[in-house]
Amino acid sequence: MRRRPELLPVFPLPSVVLYPRVSLGLHIFEPRYRAMLSEVLDGHGRIAMANAVPGADPDDESAWTIATVVGVGAVASYNRRPDGTSDVFLVGESRARVDEWVDGKPFRRVRVTLLADASPRSQVARDRLKAELEGHLKTILLRRGPRDQAEQLLRRLAREREVGFLADFVAHHFLRDLREKQALLEELDVERRVERLREMLATRGLI
């Protein structure tokens, strides 16, 4: 089995927070990121996606504040266009902490430590959190769309065992504030993540 890399190319974007098991589409057009993609495809196939906050001049990337907890995504598919640009489909694999920035390439690279969720040990506690998240999701879905579609999605997610993923799923689809999404990406304590998500959803009148 191939060992997961610790040295990864990092793609900072102001509009992105990538959670594990969540998909993301990218259009790669800058020459440095074309080079990054070529290296990724020839190697381990993974990219660290980092949320970035621009400074006063959004075009001055040297002034961006780049998050130090990132989402590591694997290239699931890609399509190279005749003009040299590419459309890439990533699937999130894990959270990671940036330990070191590494020079030597036209694109940024980082050494990272992969991070794991800290879920409650008690099955009773996990079941309680899962039931809470399913309740929030049901409330949101029934307000937004047809009941049959909502119930179909709820039945599919009822088989999900990872509470952390359910929290990430709700945050990815229904939170709009990237600062809130990033805060939940950084929260490894699953119980606390669910609490913070509840507060965010309630503040926005979603539940």
In degrees, nearest 10, the alpha-carbon axis of helix 147-157 is tilted away from the dominant principal axis of the alpha carbons of the chain by 70
Ranked output for segments 54-66, 26-38 by mean other Cβ atoms within 10 Å, highest leading, reads 26-38, 54-66
Mean separation of Cα contacts under 8 Å (at least 6 apart) over the residue count of the chain, i.e. the relative contact order in percent, is 21
Taking a straight Cα-to-Cα line shorter than 23 Å from residue 130, and setting aside same-chain lysines fewer than 8 residues away, one finds 138, 181
If R0 = 22 Å, then residue 32 and residue 177, at their Cβ-Cβ distance, give a FRET efficiency to the nearest 0.05 of 0.15
Here the relative contact order (percent) of segment 88-207, from C-alpha pairs under 8 Å and at least 6 apart, is 24
Expected vector for segment 98-111, Karplus 3J(HN,Hα) from phi with 6.51, -1.76, 1.60 and θ = phi - 60°, integer Hz, x for Gly and Pro, equals 6, 9, 7, 8, 10, 8, x, 10, x, 10, 6, 9, 9, 9
Only helices counted: for the chain, with every DSSP H run of 4 or more residues adding -39500 (n - 2.57) and the sum spread over all residues, [θ] at 222 nm is -12500 deg cm²/dmol
In degrees, nearest 10, the alpha-carbon axis of helix 31-42 is tilted away from the dominant principal axis of the alpha carbons of the chain by 70
Distance in Å, no decimals, from the C-alpha centre of segment 65-96 to the one of segment 175-207 is 23
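Any read-out appearing in this document is the output of simple, stated calculations on the displayed coordinates, not a laboratory observation. Note that this is a predicted model, so its numbers are computed, not measured. Cβ atoms come from the backbone with ideal geometry, glycine included; neighbour counts cover every protein chain shown.
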